[in-house]
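Following: one structure in structure tokens, then a few remarks.
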Amino acid sequence: MARPALSPLSILLSAIFLFSSHVFAVSAVLGVDLGTEFIKAALVKPGIPLEIVLTKDSRRKEISAVTFKPPQNGPKKGTYPERAYGSDAMALAPRFPGDTFPNLKPLLGLPVNAAEVKEYAKRHPALQLVAHKIRGTAAFKSAGAFTPEEEAWLVEELLAMELQAIRANAEELAGEGSSVRSVVFSIPPFYTIEEKRAIELAAELAGLKVLSLITEGLAVGLHYATSRQFPNINEGGKAEHHMIFDMGAGSTTATVLKFQSRTVKDIGKFNKTVQEIQVLGSGWDRTLGGDALDSLIMDDMIAKFVESPKAQKASVTAESVAANGRAIAKLTTPAIKVRHVLSANQVTSTSIEGLYDDIDFKYQLTRADFEQMASSQIESVSVAIQNALTTAGLEVKDLDSVILHGGATRTPFVQKQLEKALGGAEKLRTNVNSDEAAVFGAGFRAAEISPSFRVKEIRISEAAQYPAGMRWNTDEGKPKHQRLWTASSYFGAPAKELTFTNKEDFSVNFYQALDSVEADTKVLTTKNLTATVTELVEKHKCDKAEIKVKVGVRLTNEDGEVDVTKVTVECETEAAEKAGIVDGVKNLFGFGKKEQKPLEGESGGESVDASSSSTVDPTSSTTVASSPAASSASASASASADGKPAEPKKELIVIPVKFSLEKSGIPQLSKADLTALKDRLRAFQASDKARRQREEALNQLEAYTYRVRDILENEDFIRVSTAEERAKIEKQNSEDSDWVYGDGHDATEKVLKQRLSALQKLVTPIQQRIEESAKRPELIKDLKDALNSTQHFVADIKKQIADHQAFLSAQASASASSTTTNTETSTVTEAPASSAGDFDGLEDESSTTTSTATSMEDLNKERGPVPPVYELEDLKESEELYISISAWLEEKLVAQEKLGETDHPVLLVKDLDDRRKKLDKAGMDLAMKGVRNYEKREKAKKAKTKSKTKTAKSKSTSTLKNGKPAAPTLKMQPGKDGKMPSQEELNEMLKEFLDKQQQENQQETQEPVFERPVEEEKKKEEGGHDEL
């Protein structure tokens, strides 16, 4: 089948996918342990291997609760109240029990008529629990934070708010600019497809991408395996079996895991050892946990409270207390504390003020009484263990250890019951962190899935936990049913191929078997099966009765959802005989099969044997597969030779069928509904941001009013301000201070900033006077010094220019006589060379030195002053700036001297700074111009030197190599403080630059004097004597 060409849209979408994959790859990943009472998160990021995300209170776990704080003046339509999370939310629960939503995990993905939802409503009487209008799952109406018209809040929306808070803390830990988008959740093994979808919906609303879901027992086992090596079964090792017993706040689970290692093929010829963890079986109790034990204590509290004298006097009943949301909220935290204390103590007590009808309550409970109350729960502890062992097909003796996890496992009677169920305490282990092992395992799994991280290779196999199957109807309408997976089937296993005999479009309903209920999960619907079957019959001559539909199905590794890998329709039919390549060539040159007739006018030619002239391609087919009944080419040829008819060749026709796979069960939200929920959450976040900004403005105004009180008593402030100004400020400050504690709490951010700005306008000018009077004298001195330096520098440069121009004029008038004198001097110098005696060269060293010094002085006089690097035009800007700033400073100084301390100054620090910066810039520009002028002159010198002879060039090069200094360069760079040089520093740098230039000129005058004797000496050393 030809491969279809990609459309531009497909290419664009592929590019976007690759880019988005890269974004996810480089982002940090998060592992989240979504507990009933607490939420814990672990971050993995380059530089942060695996770290717990702390709350804003620096705690390692966050209470799973969110509270809407009703406005003081009542809710308004279109506005959003303040939100609180974690411990802050629980602290507000007694005040706002109808707007505090704790422990939402048991409600996810369940309809309102579920037993778990009814029990939750009973334990939280103040909450207004309703059925969502689309999904039919649990939702909550606000008691006082929103108007009655506001839509009910889905449990998934409330959980998304908590996840957004967790994500914000994680991004703060990851560092500025980091983004957290990918997450792995640890969930209980008993979660159904609907409950998993509810978590994925909450994550999507929170802006998170779910990489995978992992059961809590497997997450703990994964963390357990990260620091251990297990027996290699390829080397005869025996696998280890460990049970993870997890008893948390909401439920109790037991998971049997198989740990082993295996040698597998690696890249090339190498092998590697990988760790493997398999879930063999799980057992659970959805209702046995810390919450259930807390409920027992709360019931006992209520019973003892109504028996107290004050309660009986007020005719208080247990039903009235249990139905009072405020009273239940007041009992919740003390009940949890009592249970925790009894884990380490034999007796504890607590007291509650104004529990009901302003009646105080004191409560005491012993461990023995508590265990008596929880007798039925104690017996349920071993049920989860036995169910897990039964599913795994093991016994207690087959377990290497039982690893404890979850806060409730610290309860003494739980540990005693475990010892009883296991036949002793030998197998009990506390070798993992009972609070954080699951979240660390989820974080490790997130890093393992993400391509950004390389971790220890541990292969996991997650079990389905629930059987699953499918239902469909035949073309005759007969219902069919088939079980596809058991509770022990693994996620990510190879796809199963299913065969259907339907010839018309049909649907397949996949389900998950929950106790005695078959809960629909997905529905597969074919789109063009009827038309495809017709095509097979008419075009390919297939027998309609032999046509079959093949469907590939599997359970995804991420969340265990049903995935359809293919839907095809196929049949087997006789293949049409096709001429081979050899036949085509023979026909081209006039050779045909044996039945071919000879050409007209020719005698009967030699016949060609069909068996030798024809070939059969055994792989020839119009489809992706061939029938095994097809005969080979040799067999066909042999049959032809024997004169027997060959068997017809069979081929398999396979055509893909279009289909759709949609979620079923609880109604899904449409794209429009999902967008509306996201928009509502974004509006809530925007409201929170605006509230924070308003609170910051309020705090700034309040703090400034306190500061102004201190400013009014400052001596410098009193000195530079008038009594009227101070009285006005004091009055305004007093009004603002009173307003802040009155109407200011409800004012908008804009009004608060306006108030602050009005008060600052009165205070700031006076503070500026203090600052001006303190800084002005030093800046005036600096500016005057800079002006003086500029004046002297410009004068020095002008003098250099004038001296050099005078020298050039004098040199031009005396050029003729100077040339005559040089000629005579040259003649006198050559005379001794012609009549030199044997001892004429022997002179005293002192006489030679005197002669040389005299020559240097004469040459310096002849060369004149050092040529300046500036022209008069270069100084124009500095001169004009000096004149204007000097006049401005003189004018402002006179005006400033006429003012008093309470007057606003006319000579401002800012203006002084600006003038000084202008001078510094002009000095810098002048210095750089001097450098450029010098470099230009040196470049001209070098161009002139190139016109000399080749020998002169080599001599000059030799002289330079033997120590002639390079041309001086003026380097300017910022100092240690990062600032450019000041005017005085520039003058010093230029002075040094000019001195170096003068030294270079002197060296140039010295070199010609000694050049010839050196060359002559060199010739003597090489030749031995002068050439005659």
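The values are calculated or read from the model by the stated rules, or taken from the named source; none is laboratory data. Keep in mind it's a predicted model, so treat the numbers as computed, not measured. Cβ sites come from the backbone with ideal geometry, for glycine too, and all protein chains shown count toward neighbours. We work out accessible area using only protein heavy atoms, side chains counted, and drop any ligands, DNA or RNA first. Shrake-Rupley method; radii C 1.70, N 1.55, O 1.52, S 1.80 Å.
What's the local net charge at residue 216, with K and R +1, D and E -1, over the other residues with C-beta under 11 Å away? Mind showing how you got there, number by number?
Working: positive: none; negative: 33, 246.
Once positives and negatives cancel, what remains is -2.
Return the carbon/sulfur percentage of the accessible area of the stretch 36-195, one whole number, probe 1.4 Å, all protein chains in place.
Result for the stretch 36-195: 51 percent of the exposed heavy-atom area is carbon or sulfur.
³J(HN,Hα) across the stretch 886-896 via Karplus (A = 6.51, B = -1.76, C = 1.60, θ = phi - 60°), whole Hz, x for Gly/Pro?
4, 5, 4, 5, 5, 5, 5, 4, 5, 5, 5
If you roll a 1.4 Å probe over the stretch 479-577 with all protein chains in place, what percent of the accessible area is carbon or sulfur? Can you show the working numbers first?
Values: 2210 of 4910 Å².
Within the stretch 479-577, the accessible surface is 45 percent carbon and sulfur.
DSSP loop chymotrypsin sites (Phe, Trp or Tyr not before Pro) in the stretch 212-319 with at most 14 other Cβ atoms within 10 Å of their Cβ, which ones?
In loop regions of the stretch 212-319 (DSSP not H, G, I, E or B), the sparsely surrounded chymotrypsin sites (Phe, Trp or Tyr not before Pro) are 270.
Return one quarter of the surface area of the convex hull spanned by the alpha-carbon atoms of the stretch 177-320, equal to its mean projected area, in nm².
With every direction weighted equally, the projected area is 16.0 nm².
Using alpha carbons only, what's the Rg to Rh ratio of the stretch 646-766 with Rh from Kirkwood? Kindly include the intermediate steps, with their values, before the conclusion.
Working: Rg = 33.5 Å, Rh = 20.1 Å.
So for the stretch 646-766, dividing Rg by the Kirkwood Rh gives 1.67.
With the other protein chains left in place, how much accessible area per residue, in square angstrom, belongs to the stretch 228-349 at a 1.4 angstrom probe?
About 45 Å² of surface per residue is accessible.
Could you go through the stretch 716-731 in sequence order and give the Karplus-derived ³J(HN,Hα) for each residue, using 6.51 cos²θ - 1.76 cosθ + 1.60 with θ = phi - 60°, rounded to whole Hz, and x for Gly and Pro?
Taking θ as phi minus 60°, the curve returns 5, 5, 5, 5, 9, 10, 8, 5, 5, 4, 5, 5, 5, 5, 5, 5 Hz for the stretch 716-731.
Can you give me the long-range amide H partners of residue 37? Hydrogens built in the peptide plane at 1.01 Å from N, cutoff under 5 Å, separation of 5 or more residues or another chain.
For residue 37, the qualifying residues are 249, 250.
Relative to the present Cα-Cα distance, how much length would full extension add between residue 784 and residue 925 at 0.36 nm per residue of separation?
Full-extension gain reported as 48.8 nm.
List the residues whose amide H sits under 5 Å from the amide H of residue 507, counting only those 5 or more places along or on another chain, with H placed 1.01 Å from N in the peptide plane.
Hits under the 5 Å cutoff: 473.
Using a simple spin-label model with points 7 Å from Cα along the Cα→Cβ vector, what separation in nm is obtained for residue 527 and residue 872?
About 9.1 nm, to one decimal.
What is the calculated FRET efficiency for residue 939 to residue 901, with r their C-beta to C-beta distance and R₀ = 60 Å, to the nearest 0.05?
0.50
Run the simple label-point estimate for residue 87 and residue 548 please: 7 Å along Cα→C-beta, distance reported in nm.
6.5 nm
Report the Stokes-Einstein translational diffusion coefficient (µm² s⁻¹, integer) for the stretch 361-427, Rh taken as the Kirkwood radius over Cα pairs, at 37 °C with viscosity 0.692 mPa s.
244 µm²/s
Skip the ligands, DNA and RNA, and give the accessible area per residue of the stretch 77-190 with a 1.4 Å probe, whole Å².
37 Å²
Extension gain residue 267-residue 699, at 0.36 nm per residue separation less the Cα-Cα distance, in nm?
149.2 nm
In this model, which of 61/272; 133/209; 209/750; 784/898; 798/936 are farther than 31 Å apart at the alpha-carbon? List each step's numbers first, then the result.
Details: 61/272 38 Å; 133/209 26 Å; 209/750 38 Å; 784/898 20 Å; 798/936 20 Å.
Beyond 31 Å between Cα atoms: 61/272; 209/750.
Share of Cα-Cα pairs in the stretch 316-368 beyond 13 Å, in percent?
61 percent
Can you give the convex hull volume per residue for the Cα atoms of the stretch 436-560, as a whole number of Å³?
On the way: hull volume 19.7 nm³, N = 125.
Dividing the Cα hull volume of the stretch 436-560 by its residue count gives 158 Å³.
In Å², what does the accessible area per residue of the stretch 702-751 work out to with a 1.4 Å probe?
Ligands and nucleic acids excluded, the result is 64 Å² per residue.
What's the extension gain from residue 455 to residue 233 if we count 0.36 nm per residue and subtract their Cα-Cα distance? Mind showing how you got there, number by number?
On the way: separation 222, 0.36 × 222 = 79.92 nm, distance 2.22 nm.
Taking 0.36 nm per residue and subtracting the Cα distance, the gain is 77.7 nm.
Amide H neighbours of residue 569 under 5 Å, at least 5 residues apart or on other chains, H built in the peptide plane: list them.
550, 655, 657
Over the alpha-carbon set of the stretch 80-205, work out the extent along each principal axis and list the three values in angstrom, largest first.
Principal axes ranked by extent give 42, 35, 25 Å for the Cα atoms.
From the convex hull of the Cα coordinates of the stretch 456-505, what is the mean projected area in square nanometres?
The directionally averaged projection comes out at 4.8 nm².
Give me a comma-separated list of calculated 3J(HN,Hα) values for the stretch 315-332, in order, Karplus coefficients 6.51, -1.76, 1.60 applied at θ = phi - 60°, integers in Hz, x for any Gly or Pro.
Karplus-based 3J(HN,Hα) across the stretch 315-332 equals 6, 7, 10, 5, 5, 5, 5, 5, 8, 8, x, 5, 5, 5, 5, 6, 7, 4 Hz.
How large is the dipole of the stretch 73-144 about the Cα centre if only Lys and Arg carry +1 and Asp and Glu carry -1, each at its Cβ, rounded to the nearest 20 debye? Don't skip to the end; give the middle numbers.
Numbers: 11 positive and 5 negative charges, 51 e Å.
Dipole of the stretch 73-144, to the nearest 20 debye: 240 debye.
Can you pull the one-decimal nm distance between simple spin-label points at residue 420 and residue 317, each 7 Å off the Cα toward Cβ?
Using points 7 Å along Cα→Cβ, the separation is 3.7 nm.
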